[in-house]
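The values are calculated or read from the model by the stated rules, or taken from the named source; none is laboratory data. Since we're looking at a predicted model, the values are computed, not measured. Because the Cβ atoms are built from the backbone with ideal geometry, glycine has one as well, and the counts that use them run over all protein chains shown. What goes into the accessible areas is simple: the full protein's heavy atoms, side chains included, and nothing from ligands, DNA or RNA. Shrake-Rupley method; radii C 1.70, N 1.55, O 1.52, S 1.80 Å.
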Amino acid sequence: MIVLKTIDEVRKQVKAWKEEGLSVGLVPTMGYLHEGHQSLIKKSVEGNDRTVVSIFVNPMQFGPNEDLESYPRDLEADSKLCEETGADIIFNPEPSEMYADGFCSYVNMTGLPDALCGLTRPVHFKGVCTVVNKLFNIVTPDRAYFGQKDAQQLAIIMRMVKDLNMDIEIIGCPIIREADGLAKSSRNIYLTKEEREAAVVLSKAVKLGEQMIVSGERDAYVIVNSMKELISKEPLADIDYVEMVNMDTMKSIDKVEGNILCAMAVRFGKARLIDNFMKTI
């Protein structure tokens, strides 16, 4: 597996590919790859001639007292997964390569980042938008792939691409789950055995919400409250939020109609886990 550490190396390689008329897909990640990331890489390999996987734990999207230093890293295992899945190169820069001394230019957004995860992680999406914009400028992909588990992030990136007239197709890919329903996440490694068993309540809450909509319930409060009650029965669960919003605006809704996102963030010990479902009614 070819691992490139500098922006110049990546640009040189991508330029050579494009001179051959080859299409390029990008899968941005923070590493410690699992089957969810692998599904994104597979999708890119299927849809493009060449695939770049970026592995960069972006310090800009971590707030004070968050897990930047302890965030799991394993480049050797990541390289093996990328190679087995068909990726062509890994871009694994140091923070100093991405953010030179005196860095002071940012990509920010109003509205969409002000709800859900943005309420308790106020610097997060500014960091996400900035680093993703930089990766798009460095790799110049035809398509970029993001998981729907990070639904708010996906919506924000799609809006950024639209607002800034970027010539990139953003492709959202379904949540990949463990056999018992828990959404795959690099942060699952933080869970103790007891917390891991307790965390299954998130996917149970997702199923409950989906079933209520299928059964005809359209009152968002009733659905969200039922999901919260289910999660609250688990003693190890500490709810950050459970909300139902319009997928396009991230604003809370009273009635289930249009493109809706029902998202949650719940802490189990050191791990803050997210899950969601989306519906079009």
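Worth pointing out:
- Taking the criterion of being in contact (Cβ under 8 Å) with a residue 12 or more places away in the chain, open to solvent by 50 Å² or more (accessible area, probe 1.4 Å), more than 13 Å from Pro113 (Cβ to Cβ) and not hydroxyl-bearing (Ser, Thr, Tyr), the residues of the range 124-157 that qualify are Asp142, Arg143, Gln148.
- Residues being among the polar types (S, T, N, Q), more than 18 Å from Leu182 (Cα to Cα) and in contact with a Leu (Cβ under 9 Å, 6 or more places away or on another chain) - total across the range 238-281: 2
- Qualifying positions in the range 18-44 - hydrophobic (A, V, I, L, M, F, W, C), surrounded by 18 or more Cβ atoms within 10 Å (Cβ to Cβ) and farther than 18 Å from Asp150 by Cα: Val24
- Under the condition of being surrounded by 16 or more Cβ atoms within 10 Å (Cβ to Cβ) and closer than 27 Å to Val3 by Cβ, the residues counted in the range 93-123 number 4.
- Any chance Pro28 is within 14 Å of the chain's Cα centre (by Cα) and in contact (Cβ under 8 Å) with a residue 40 or more places away in the chain: yes
- Residue tally, condition within 20 Å of Phe277 (Cβ to Cβ) and either loosely packed, with under 15 Cβ neighbours inside 10 Å or among the charged types (D, E, K, R) (or both), over the range 177-199: 6
- Qualifying residue in the range 138-159 (condition: within 21 Å of Tyr99 (Cα to Cα), in contact with a Ser or Thr (Cβ under 8 Å, 6 or more places away or on another chain) and of a type outside the set (Lys, Arg)): yes
Condition check ((1) within 18 Å of the chain's Cα centre (by Cα); (2) assigned to a loop (DSSP other than H, G, I, E, B); (3) within 25 Å of Pro174 (Cβ to Cβ)) across all residues:
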residue	(1), (2), (3)
Asp8	no, no, no
Trp17	no, no, no
Leu22	no, yes, no
Lys43	yes, no, yes
Met60	yes, no, no
Asp78	yes, no, yes
Glu84	no, no, yes
Glu97	no, no, no
Asp101	no, yes, no
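- If you go through the range 218-256 and keep only what is of a type in the set (Phe, Trp, Tyr) and open to solvent by 30 Å² or more (accessible area, probe 1.4 Å), you end up with just Tyr221.
- Verdict on Val107 being touching a residue at least 24 places away in the same chain (Cβ under 8 Å) and either within 16 Å of Pro28 (Cα to Cα) or in a helix (DSSP H, G or I) (or both): no
- Tally, over the range 124-165, of residues that are part of a helix (DSSP H, G or I) and acidic (Asp, Glu): 2
- Among residues of the range 51-82 being free of Cβ contacts under 8 Å to residues at least 60 places away in the same chain, within 28 Å of Leu22 (Cα to Cα) and charged (D, E, K, R), the one that is surrounded by the most Cβ atoms within 10 Å (Cβ to Cβ) is Asp78.
- Test: residue in the range 168-188 that is hydroxyl-bearing (Ser, Thr, Tyr), without any contact (Cβ under 8 Å) to a residue 60 or more places away in the chain and closer than 22 Å to Val242 by Cα: no
- Residue within the range 270-279 that is free of Cβ contacts under 8 Å to residues at least 40 places away in the same chain and not charged (D, E, K, R) present: no
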